[in-house]
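See structure below.
The values are calculated or read from the model by the stated rules, or taken from the named source; none is laboratory data. Since this is a predicted model, take the numbers as computed values, not measurements. Glycine gets a Cβ as well: all are built from the backbone with ideal geometry, and neighbour counts include every protein chain shown. Note: accessible area is taken over every heavy atom of the protein model, side chains too, but ligands, DNA and RNA are not part of it. Shrake-Rupley method; radii C 1.70, N 1.55, O 1.52, S 1.80 Å.
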Amino acid sequence: MAGRQAAIAHAALKRVQAELGERRLDALLVAQPENRRYLSGYSAEDNGIQESAGFLLIPESGRPRLLTDSRFTLQAEAEAPEYGIYMYRRGLVEALEELLPEMGIQQLGFEADYCLYALWLRLQALAKRLQLRLTATSGLVESLRVVKTPEELEFVRAASALNDRVFQTAFAQVQTGMSERELARLIEGTMLDLGAERPSFDTIVAFGENAAKPHAVPGGRRLVAGETVLIDMGLVLDGYCSDMSRTFVLGEPDAQYLERHRLVRVAQKAGMAAIRAGVSGSEVDRAARQVLAAGGYGEAFGHGLGHGVGLAVHEAPRLSPSGRETLEAGMVVTVEPGLYLADWGGIRLENMVIVTEAGCELLNRDSTWLDL
Ligand code: ZN
Ligand code: ZN
């Protein structure tokens, strides 16, 4: 496992260094947690943006550094052998004050999308003292993460397969009388029991009319026979995320529910059928959205059709009406049409797929509840 992650990090590091050369930057300071893990294999997690588990300082050539504090140095040494580990006692800026002149860095790039204003002010003051130039970068590492390597795709497949297993296990235990919160806890407990690092987001469980909220928070509502159960769940395995949604009815669904469920399923299939390298995110979105609109539910589908998944559960590319990115083989995306009606409830069906030249590879066991 460690070997495969080291190989991913090594290849990614070389690509970033080449990019720095193109942009005439001497180094890049990496603070964004998934970018940090991608480029180093170092898996410690931040406690929010104010309490970082470390930073990477990647020079255009030569040995990269991982800057962290004493809580994490052993882990950093074990997980990021390619990096020189620098232990700071008084924080990042003091460490940079020592390291930047030593490494001959005069043009330093930083991640504008992941920099607190307070840190920016301190970096500016440092730049003045050391007479160096700061360059804001945006999406430099993220853009490299969009197309996955074959090694990464193996991790994504495994994360999605485990998510399916967790769903099957939980599905077999759903009972009337159970609360949304109890079912969410059962799912998250099963994830950890079966070897996941953690959920990739807070599990969504919504019963009945609560399913009308696409991001419902599980509460104390108890399940009654014949009503909708909407589950949106994902886990992290070896750093890579999974994400899937299922909606079903415990007991006998009514005709209206069946009709709406079938329509969402047809929209999902239309979306998956539209995916292949070379099409845009908006074209795929349109393929599914048209089905819902033709069925009379255009207004009931408010969110985008899908999003990229990798080290982050939501990343590029976006499948939505404004999704301009062109899909490439090796991207991983969700296909998750839904319909949401206040006072009635909602239905969302979400699969994960790998984009291929000719189409896509489905990563989920397909809908088990209602095969259409
Ligand atoms: Zn989801
Ligand atoms: Zn999703």
Cross-chain or 6+ apart pairs with Cβ under 9 Å, segment 357-372 first and farther than 17 Å from residue 259 by Cα and part of a loop (DSSP other than H, G, I, E, B), then of a type in the set (Ser, Thr, Tyr) and at pLDDT 65 or above: 363/160; 363/242; 364/160; 364/242
Looking only at segment 152-168, and only at residues there that are open to solvent by 40 Å² or more (accessible area, probe 1.4 Å) and modelled with pLDDT of 95 or more, the one that is farthest from residue 350 (Cα to Cα): 154
Qualifying positions in segment 120-151 - of a type outside the set (S, T, N, Q), open to solvent by 40 Å² or more (accessible area, probe 1.4 Å) and in a helix (DSSP H, G or I): 120, 121, 122, 125, 128, 129, 130, 142, 150, 151
Conditions (1) surrounded by fewer than 23 Cβ atoms within 10 Å (Cβ to Cβ); (2) more than 16 Å from ligand 1 (Cβ to nearest atom); number of the one not met by residue 284: (1)
Looking only at segment 192-220, and only at residues there that are among the aliphatic types (A, V, I, L, M) and assigned to a helix (DSSP H, G or I), the one that is nearest to ligand 1 (Cβ to nearest atom): 211
Residue within segment 78-92 that is hydroxyl-bearing (Ser, Thr, Tyr), closer than 25 Å to residue 18 by Cα and open to solvent by less than 80 Å² (accessible area, probe 1.4 Å) present: yes
Subset tally (residues that are touching a Leu at 6+ places or on another chain (Cβ under 8 Å), part of a helix (DSSP H, G or I) and among the aliphatic types (A, V, I, L, M)) for segment 164-191: 4
Residue in segment 285-294 that is among the aliphatic types (A, V, I, L, M) and in a loop (DSSP other than H, G, I, E, B) present: no
Some residue of segment 253-267 being on the phi < 0 side of the Ramachandran plot, within 16 Å of ligand 2 (Cβ to nearest atom) and touching a residue at least 12 places away in the same chain (Cβ under 8 Å): yes
Criterion: touching a residue at least 12 places away in the same chain (Cβ under 8 Å) and closer than 23 Å to residue 122 by Cα - qualifying residue of 39, 57: 57
